[in-house]
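First comes the structure, then the notes that go with it.
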């Protein structure tokens with residue numbers, strides 16, 4: 001994905017969340033709604049998350065140095081993982097605790113119409129933010145389904161913002177329903193239940209984000225489709241007899257490392273090896289543009305010797 005697409009989605013989400021957080025806090029102070037407080041904390045946590053994603057993107061653009069010869073691209077994965085932890089610890093746990101407390105001691109709402117107005121406006125603003133995230137995601141996900149896109153995306157910003165926006169919109173709907181039912185029935189049970197539902201929703205989203213970003217942190221190779229494309233590009237020119245083995249690793253969202261041992265003809269001269277390797281590198285970069293670091297080791301493939309027979313040999317002594 002292009003960095004600009006992720007940045008647009010992050011900025012849109014940040015501006016929406018900052019405005020929404022302020023209005024939610026005001027509505028909570030006047031109404032006393034636990035769901036409004038949970039939603040305010042949710043928006044504050046989301047705003048912090050978007051700031052972290054922007055910081056991670058900026059730090060990842062630093063040039064490689066002696067301490068980090070492959071660059072700092074993976075910092076984007078680190079910050080995305082921190083975002084999932086913050087979403088869980090601040091948003092989810094607080095909302096669950098607040099919901100349980102209000103279930104034990106429910107109370108009526110003052111100025112119930114104020115949180116309803118704020119939630120309506122917040123739903124509209126959050127919908128615009130989600131629309132931006134969906135539009136930017138559609139530009140890069142191609143024919144992938146949404147679940148596959150979230151699981152396979154190497155640039156973490158769009159999936160993170162997308163899931164955050166979906167969770168925020170669902171949370172607003174929960175809060176709207178809880179406040180509305182409390183206003184209609186006079187029972188604080190619904191407000192507290194909505195707060196608890198918001199917390200559980202945030203925990204679920206945080207776990208999904210944590211699992212996906214952890215996989216990127218540990219180190220992921222290229223997708224099977226890209227692996228097949230790279231292998232085809234290597235064999236296309238006829239310079240090598242076979243691929244002895246090959247490994248790939250994402251050093252950052254847009255930087256793939258390809259390392260391969262290739263079987264050349266034993267009669268190949270040094271100039272022929274040089275021309276062949278250069279041609280292969282050019283084809284691989286053209287086929288998979290994110291393959292920016294390519295290390296190819298020329299070798300001569302030798303068929304492995306057959307394993308010695310393990311059949312028992314019986315020797316009879318002469319009579």
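Mean separation of Cα pairs under 8 Å and 6 or more residues apart, divided by the residue count, gives the range 224-299 a relative contact order of 37 percent.
The separation of the range 85-137 from the range 9-34, counted between C-alpha centres, amounts to 8 Å.
Taking all C-alpha pairs of the range 78-161, those more than 23 Å from each other amount to 48 percent.
What number, in percent, do you get for the relative contact order of the chain if the mean sequence gap of Cα pairs under 8 Å and at least 6 apart is divided by its residue count? Could you put the intermediate results ahead of the total?
Numbers: 475 pairs, mean separation 63.2, N = 319.
Relative contact order here is 20 percent.
Going by the alpha-carbon gyration tensor, a ≥ b ≥ c the square roots of its eigenvalues, is the range 80-120 rounded (a/c under 1.5) or, if a/c is not under 1.5, prolate (a/b greater than b/c) versus oblate? The shape class here is oblate. Here the chain carries DSSP beta bridges of which approximately 55% are antiparallel, counting only pairs with both residues inside.
Over all pairs of different C-alpha atoms, the range 224-299 has a mean inverse distance whose reciprocal, the Kirkwood radius, equals 12.4 Å.
In the chain, the longest principal axis of the Cα atoms and the axis of helix 189-218 are about 20 degrees apart.
When the chain is treated as a GNM with alpha-carbon contacts under 10 Å, the residue of 19, 171, 142 showing the greatest mean-square fluctuation is 142. Across the range 138-235, Cα-Cα distances exceeding 19 Å account for 58% of all pairs. How tilted is helix 34-60 with respect to the longest principal axis of the chain? Cα atoms for both, answer in degrees (0 to 90, nearest 10). It is inclined by approximately 30 degrees. Helix content alone sets the calculated 222 nm mean residue ellipticity of the chain: runs of n ≥ 4 DSSP H residues at -39500 (n - 2.57) each, divided across all residues, give -22500 deg cm²/dmol. The value given for the range 3-218 is a Kirkwood hydrodynamic radius of 17.6 Å, derived from the mean inverse Cα-Cα separation. Using a simple spin-label model with pseudo-atoms 7 Å out from Cα toward Cβ, residue 282 and residue 169 lie 4.7 nm apart.
Each value in this text was obtained by applying a stated rule to the coordinates, not by laboratory testing. Source: prediction; values computed, not measured. Heads up, the Cβs are rebuilt from the backbone with ideal geometry, glycines too, and the neighbour counts pull from every protein chain shown.
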